[in-house]
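The values are calculated or read from the model by the stated rules, or taken from the named source; none is laboratory data. As the structure is a prediction and not an experimental result, all values here were calculated from the model. No Cβ is skipped: glycine too gets one built from the backbone with ideal geometry, and neighbour counts run over all protein chains shown.
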Amino acid sequence: MNRPLQLSAIFFLFIGIVVSCTKVDIAAVNNTMNAVVDPFAATRAAFGTNIDFTNLSNYANQTKPNYINNDNTGTDTIKDNKATLGRILFYDKNLSVNNTVACASCHKQAFAFSDTSLVSDGVFGGVTARHAMRLINARFANEAKFFWNERAASLEIQTTMPIQDHAEMGFSGVNGRGTIDTLLNKLSKINYYKEIFKNIYGDTLVTQNRLQESLAQFIRSIQSFDSKYDSGRARVNNEGAAFPNFTATENAGKSLYLTPPVFDGSGNRIAGGAGCNGCHRAPEFDIDPNSKNNGIVSIIGSTTIETNDTRAPSLRDLVKTDGTPNSRMMHTGQFTTFAGVLNHYNNIPNIAANNNLDGKLRADGVGNKLRLTPTETAQLTAFIQTLAGTNVYVDKKWSNPFLNQ
Ligand code: HEC
Ligand code: HEC
């Protein structure tokens, strides 16, 4: 070997050693640093692989059908990281005074985020005054006020009301219980929230505002558009057209649902359809913001009446694909079957005491009577069943992320 070649061989050997040593060194340093400052160590301990802030689930860019237009998002646009925080909060029992109740205790994914009980159990034996509502497609509605009686001015405001409700999660400030500030302070001491708030907001401050926006984003992300109805709707130009994938019975039910009824002066239906669409509007099946009371005026466990309940959740996923109802129906939970619901609309009661009854359900001085025939009842029942999706009940991104809760 000549001298220059020898020299360069030695030189490259030297460089090689330096490079490989440096490599080893950097890797070693990295490993020690990771072990010391994994920014998500507590998050990993609580959620394992269910939550991964370096590879978030898709909440922000889900596809929705082009015929869906109603949307109450406002300025609180869904972000993957905040909706993920919302998911954790939704399933976290720390949100209740005695660590026994989470939002998900009353809003169960397997039942379209409703509750199978008539009233739902809160802290220390407390129960809710009304039946729990499904949380399906809450985003895709023009009515931006929430709860049966619309007492929450927005979804954001709604989300921290159950936390402060004495019977539900208990941070009411009543009878020596803490307030929402007590909760904010409690959460700010939990290590996984420290990590997550730091990652999302750049600091570890837990504020009511941050809880509201993330919980609302999570709830708005819960969407269901994989029903038989959607397959059919995607193949026609308008709601009224016969859906090619529907049976004759389902198409007849759809037509009854969409067509307004004609009543005589005594409130008896003499022609037309059932008119459900006048208030529960396809294709979102959200409640018309102008809807008034529908004649359901009882209060659970009381003989007095309330007439200010004018909201219903979307009728999508009222029942499962096999027709089984996800839960009881109406704010009173008084119906366990869809047939019971139709019987109500067949003969609207309590009209004298109900000055908020919607004009579409009353003739002069009497409640309207749809008088649906057994065939029509079967057709409407078949149609309601086409509104059932499947993915929303099982998609992991809306499920409980805790390893031990
Ligand atoms: C103890 C049971 C219970 C708990 C806990 C609970 N909810 Fe509810 N939720 C209900 C009931 C009951 C209603 C209907 C109440 C009413 O209208 O008066 C409701 C209604 C709602 C609605 C309104 C839906 C609509 O379409 O108007 C939303 C949204 C909601 N809950 C979200 C939450 C969130 C978020 C949490 C946790 C911070 C939570 N809930 C905790 C029982 C509960
Ligand atoms: C005038 C408006 C209006 C019309 C028309 C109407 N509804 Fe309703 N519906 C409501 C309101 C308001 C509620 C909420 C009632 C309550 O306080 O519980 C409701 C509740 C319901 C519920 C219970 C939802 C739940 O989550 O528990 C079902 C099911 C329902 N309606 C189906 C129908 C069907 C089927 C028709 C047609 C035969 C129909 N509605 C016609 C206004 C209307």
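Tabulated values for the structure
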| quantity | calculated |
| --- | --- |
| Qualifying position, being at pLDDT 95 or above and surrounded by fewer than 17 Cβ atoms within 10 Å (Cβ to Cβ), among G253, G272, G295, G265 | G272 |
| Total residues in the stretch 234-262, condition among the basic types (K, R) and closer than 20 Å to G323 by Cβ | 1 |
| Yes/no for G176 being among the small types (G, A, S), more than 16 Å from ligand 2 (Cβ to nearest atom) and exposed (fewer than 15 other Cβ atoms within 10 Å of the Cβ) | yes |
| Residue check for Y67: in contact with a Pro (Cβ under 6 Å, 6 or more places away or on another chain), away from ligand 2 (no atom under 16 Å from the Cβ), in a loop (DSSP other than H, G, I, E, B) and at negative phi | yes |
| Check on V127, buried (at least 18 other Cβ atoms within 10 Å of the Cβ), over 26 Å from L56 (Cβ atoms), within 15 Å of ligand 1 (Cβ to nearest atom) and not basic (K, R) | no |
| Filtered residues of the stretch 39-59 (kept if touching a residue at least 60 places away in the same chain (Cβ under 8 Å) and in a loop (DSSP other than H, G, I, E, B)) | P39, F40, I51, F53, S57, N58, Y59 |
| Residue in the stretch 339-349 that is among the aromatic types (F, W, Y) and within 30 Å of G86 (Cβ to Cβ) present | no |
| Test set (1) in a loop (DSSP other than H, G, I, E, B); (2) over 23 Å from the mean Cα position of the chain (by Cα); (3) under 28 Å from P65 (Cα atoms) - I351 fails condition number | (3) |
| Filter result for the condition that a residue is within 24 Å of M330 (Cα to Cα) and either more than 9 Å from ligand 2 (Cβ to nearest atom) or touching a residue at least 60 places away in the same chain (Cβ under 8 Å) (or both), over I296, I270, I305 | I305 |
| Subset of the stretch 143-157 that is free of Cβ contacts under 8 Å to residues at least 12 places away in the same chain and within 10 Å of ligand 1 (Cβ to nearest atom) - its residue that is nearest to the chain's Cα centre (by Cα) | A152 |
| Of residues in the stretch 360-384 being outside any strand (DSSP E or B) and modelled with pLDDT under 95, the one surrounded by the fewest Cβ atoms within 10 Å (Cβ to Cβ) | D364 |
| The stretch 362-375 residues that are in the same structural domain as F263 (by TED's automatic domain parsing), paired with ones that are of a type in the set (S, T, Y) (beta carbon under 6 Å, 6 or more apart) | L370/Y345 |
| Residue list for the stretch 369-396, filter: within 16 Å of T259 (Cα to Cα), touching a strand residue (DSSP E or B) at 6+ places or on another chain (Cβ under 7 Å) and more than 9 Å from ligand 2 (Cβ to nearest atom) | K369, R371 |
| First in the stretch 241-258 and within 15 Å of L380 (Cβ to Cβ), second anywhere and within 16 Å of ligand 2 (Cβ to nearest atom) and outside any helix (DSSP H, G or I), Cβ under 6 Å, 6 or more apart | E250/T386; L256/G273; L256/A274 |
| Residue that is surrounded by 19 or more Cβ atoms within 10 Å (Cβ to Cβ) and closer than 22 Å to K64 by Cβ, where the choices are L135, L89 | L135 |
| E168, sole failed condition from (1) free of Cβ contacts under 8 Å to residues at least 12 places away in the same chain; (2) part of a loop (DSSP other than H, G, I, E, B); (3) of a type in the set (D, E, K, R) | (1) |
| Residue match in the stretch 271-281 (condition: among the hydrophobic types (A, V, I, L, M, F, W, C) and closer than 30 Å to R44 by Cα) | no |
| For G389: the one exception among (1) away from ligand 1 (no atom under 16 Å from the Cβ); (2) surrounded by fewer than 16 Cβ atoms within 10 Å (Cβ to Cβ); (3) small (G, A, S) | (2) |
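Here's the yes/no breakdown for (1) outside any loop (DSSP other than H, G, I, E, B); (2) surrounded by fewer than 22 Cβ atoms within 10 Å (Cβ to Cβ); (3) touching a Gly at 6+ places or on another chain (Cβ under 9 Å); (4) touching a residue at least 40 places away in the same chain (Cβ under 8 Å):
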| site | (1), (2), (3), (4) |
| --- | --- |
| N72 | no, yes, no, yes |
| V101 | no, no, yes, yes |
| L118 | no, yes, yes, yes |
| A141 | no, no, no, yes |
